[in-house]
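Report on the structure given below.
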Amino acid sequence: MKYTKIKIFTRAVAITVMLMNVAALYAALPPERSMKPKADVLVVRNDLGGNVVSRVEKLRELSSKETKVMLLGPYCLSSCTLYLAMEEVCVAPKAHFGFHAPEPAYGQKLTEEELDEWSVYISNFYPPEVKAWYLKKARYQHGAPLMLSGSTLISFGVENCDDWPAPPRAEMPSGEDHIGGAYSVSEVTDIQ
């Protein structure tokens, strides 16, 4: 009988010591290495843009997962620029970003009131300086987009991807999901 009590007591002590060691190791971890899963990183390259409503849905999904976004270019056009709304986003200094007026599908025209509503809606996704520039210039641009360099966006307060850790290896080779249209970017001029 004593042998069984000693065996049970020894096992209880061993389990208690093991649990104390696990608790001590967990407590020693820095906060960012605790049990919280790491945030995902979305690397975006050569994104032609697409439907604004679809992109906003994608932004909501990424935001709910606290996904970081790296806009590495060489270009990010149209609705791709809405990624600038993300809480954690950076741009590559040499990347090029194309902005234009809101355009409905299939060549339809917006009324002046609709242009104003959509311009304000879209601009609300941009940081303050980009928003001001968009409302002053790009919202009236039909056809080829007005381009801003990543360097200009950085001067507007967007984070520089050069200051972030290198992107993960498993990145998409081009685009994020290629939701929409096609633009030809043969020459990029930085319009401020």
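The values are calculated or read from the model by the stated rules, or taken from the named source; none is laboratory data. Because the structure is a prediction, the values reported are computed rather than measured. Positions of Cβ are backbone-derived with ideal geometry, glycine not excepted, and every protein chain shown enters the neighbour counts.
The table below lists the values:
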read-out: Meets criteria (assigned to a helix (DSSP H, G or I), under 15 Å from PHE97 (Cα atoms), in contact (Cβ under 8 Å) with a residue 24 or more places away in the chain and touching a helix residue (DSSP H, G or I) at 6+ places or on another chain (Cβ under 6 Å)) for TYR134; value: yes
read-out: Looking only at the stretch 90-110, and only at residues there that are among the hydrophobic types (A, V, I, L, M, F, W, C) and touching a helix residue (DSSP H, G or I) at 6+ places or on another chain (Cβ under 6 Å), the one that is farthest from ALA144 (Cα to Cα); value: CYS90
read-out: Selection count, the stretch 69-101, where residues are surrounded by 18 or more Cβ atoms within 10 Å (Cβ to Cβ) and assigned to a loop (DSSP other than H, G, I, E, B); value: 7
read-out: Filter pass, SER119 being more than 16 Å from the chain's Cα centre (by Cα), at pLDDT 70 or above, part of a helix (DSSP H, G or I) and within 19 Å of ASP47 (Cα to Cα); value: no
read-out: Subset of the stretch 102-139 that is β-branched (Val, Ile, Thr) and either closer than 27 Å to LEU72 by Cα or not assigned by TED's automatic domain parsing to the domain that holds LEU72 (or both) - its residue that is surrounded by the fewest Cβ atoms within 10 Å (Cβ to Cβ); value: VAL120
read-out: Options GLU114, GLU88, GLU66, GLU61: the member that is in contact with a Lys or Arg (Cβ under 8 Å, 6 or more places away or on another chain) and of a type in the set (D, E, K, R); value: GLU88
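Quick grid of which residues meet (1) closer than 15 Å to THR81 by Cβ; (2) at pLDDT 95 or above:
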position: VAL130; (1), (2): yes, yes
position: LYS136; (1), (2): no, yes
position: HIS142; (1), (2): no, no
position: LEU146; (1), (2): yes, yes
position: GLY150; (1), (2): yes, yes
position: PRO167; (1), (2): no, no
position: SER174; (1), (2): no, no
position: VAL188; (1), (2): yes, no
